[in-house]
Every structure is written in structure tokens, then in C-alpha cells.
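Remarks on the structure that follows.
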Amino acid sequence: MKALIWLGLLLFASPVFSAEANQEIESLLSFLKAQSGVVFVRNGSEHTSTQAESHLRMKWDRQRKKIRSADDFIAACASKSSISGTRYFIRYANGQTRFADEVLRDELRRLREAEKRSS
């Protein structure tokens, strides 16, 4: 009986990861991967958009239990190095640079606005 009570408490206390959150994160990763001609800078090293997508996916896989939304994903995985604390940034072909989390937040806003319009 005690085991059932504990199981119920654990299930009740565990946040639910929604299909919508999963879809938003997958969309953000696809968006990042599709960025041609950009350089993703992580800890001073330059990476392709494909490498960036792979790295952020690995971080997501490792932290999946903590992440409940696309906003959590951006904050926990796509904003900065968990080792050095240095922010990630994206350099475009024209030389412009933006922090990666800002780029992904803008894309997430765009995705959500498009979803609202289509509903």
C-alpha cells in the first residue's frame, strides 16, 4: 500500500513533457541545422550548423528529465556552455553576430505566432 502511495506521489509530482514541447524543440533544432552559411561559436571554437544541432541535441538528451518546455531547452541547452559558462553565439555570413539563445527565442516566438494563426 505504501508503495502505491509513493508511486502516486511521484507521478503527481513529476512534470509532464508534452508532445507540443517536444515538437517545438525539434522545430528549433531543425531550424538551427538548416541555417546555411552560419558559424556556431562554442567556447571559442567554430562549428557548422549541423554540428551545433548535434551538440544541442546531445545536451537535450542528457538533461531531458529537467526540460519541460522549449523555453527550458533554450535556457538549459542553447544559451551557454555548461562547462565554461560562456554564451554561445552565431556568426552570419555578413559578419553579424547574435547570441544563440536570442536567435532561438525569436524563432520560437515566430513558431508560436504561426501556430496561433493556423488554429
Under a crude label model (7 Å from the Cα following the beta-carbon direction), how far is residue 54 from residue 106 in nanometres? 2.7 nm
Quick one: pull the percentage of alpha-carbon pairs in the chain with a separation above 18 Å. 55 percent
Among the aspartates and glutamates, which fall within straight-line cross-link reach of residue 59, defined as a Cα-Cα distance under 20 Å, with same-chain neighbours fewer than 8 residues apart omitted? 20, 24, 26, 46, 71, 72, 101, 102, 107
Treating only the Cβ of Lys, Arg, Asp and Glu as charged (+1, +1, -1, -1), what charge dipole size does segment 28-107 show about its Cα centre? Round to the nearest 20 debye. 340 debye
Hey, can you rank 48-54, 74-80, 32-38 by average C-beta count inside 10 Å, highest first? 74-80, 48-54, 32-38
Starting at the first residue of segment 104-117, write each ³J(HN,Hα) from the Karplus equation 6.51 cos²θ - 1.76 cosθ + 1.60 with θ = phi - 60°, in whole Hz, x for Gly and Pro. 6, 5, 4, 5, 4, 4, 4, 4, 5, 5, 5, 5, 4, 5
With θ set to phi - 60° and the Karplus curve 6.51 cos²θ - 1.76 cosθ + 1.60, what are the ³J(HN,Hα) couplings of segment 47-59 in order, to the nearest whole Hz, using x for Gly and Pro? 9, 6, 5, 5, 5, 4, 4, 4, 5, 5, 5, 4, 4
If unit charges are put on Cβ atoms (+1 for Lys and Arg, -1 for Asp and Glu) and the dipole of the chain is taken about its Cα centre, the option from 118, 97, 63 lying farthest towards the positive end turns out to be 63
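Since every read-out is calculated from the coordinates, none of them should be taken as a lab result. Computed from a prediction, not measured in an experiment: that's the story for all the values here. Glycine gets a Cβ as well: all are built from the backbone with ideal geometry, and neighbour counts include every protein chain shown.
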